[in-house]
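For reference, the structure is listed below as structure tokens.
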Amino acid sequence: MKKLTGSFRYTQWDPWLIIAQIVSVQCLLYLSLCLLLVLFGALVGDTRTLDHIFEYHEIQVRDAGGLIVISAFVVNSLIGSAVLWFIVERTKQCMDFSCTWHLVHLIVCWFYNGQFPTTFSWWALNVACATIMCVCAEFFCLRTELAAIPLSLGPKTDL
């Protein structure tokens, strides 16, 4: 039986929907990050590997390779905000899904490297990217949620 609450939207805790959204967001963001690294690497004539995604020592500003990785992560956070807008569609959940993606990324990096990420550049980049993704996604979702709802299907009239 469906339970209606006082809000305009049907709300019920659905763990399968949440799991599907998390998996979808993870897959799309890792796919876009891979594509961005390949594209940016091709622009400078450099090859990219999984180390550029998961090796936290690759995130540094000393050379062009590190700047490419940083650029890819920042652009990916903007793509991530659009992904959250499309998949999650709720302003309240944007921070949860943004933090979930970055928490999973932390765990994957931890296991990939065999040790906990300790470099300042890795933490600064991931905190900045989580913030960008969350704020932009909330902006997109809020604009959609606050859009005017047409009350009639007839021709538009100005009063």
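The values are calculated or read from the model by the stated rules, or taken from the named source; none is laboratory data. All values reported here derive from a predicted model rather than from experimental measurement. Don't worry about glycine lacking a Cβ; one is built from the backbone with ideal geometry, like all the others, and counts go over all protein chains shown. Side chains are part of the model used for accessible areas, which takes the heavy atoms of the whole protein and leaves out ligands, DNA and RNA. Shrake-Rupley method; radii C 1.70, N 1.55, O 1.52, S 1.80 Å.
Suppose we filter Gln26, Gln60, Gln93 for residues that are in contact (Cβ under 8 Å) with a residue 24 or more places away in the chain, part of a helix (DSSP H, G or I) and polar (S, T, N, Q); which single one remains? Step by step, each of Gln26, Gln60, Gln93 is checked, and only Gln26 is in contact (Cβ under 8 Å) with a residue 24 or more places away in the chain, part of a helix (DSSP H, G or I) and polar (S, T, N, Q).
Restricting segment 107-138 to residues that are assigned to a helix (DSSP H, G or I) and of a type outside the set (A, V, I, L, M, F, W, C), which is farthest from Ile70 (Cα to Cα)? This residue is Glu138. Is it true that some residue in segment 109-129 is more than 16 Å from Leu28 (Cα to Cα), free of Cβ contacts under 8 Å to residues at least 12 places away in the same chain and open to solvent by less than 60 Å² (accessible area, probe 1.4 Å)? Looking through segment 109-129, at least one residue is more than 16 Å from Leu28 (Cα to Cα), free of Cβ contacts under 8 Å to residues at least 12 places away in the same chain and open to solvent by less than 60 Å² (accessible area, probe 1.4 Å).
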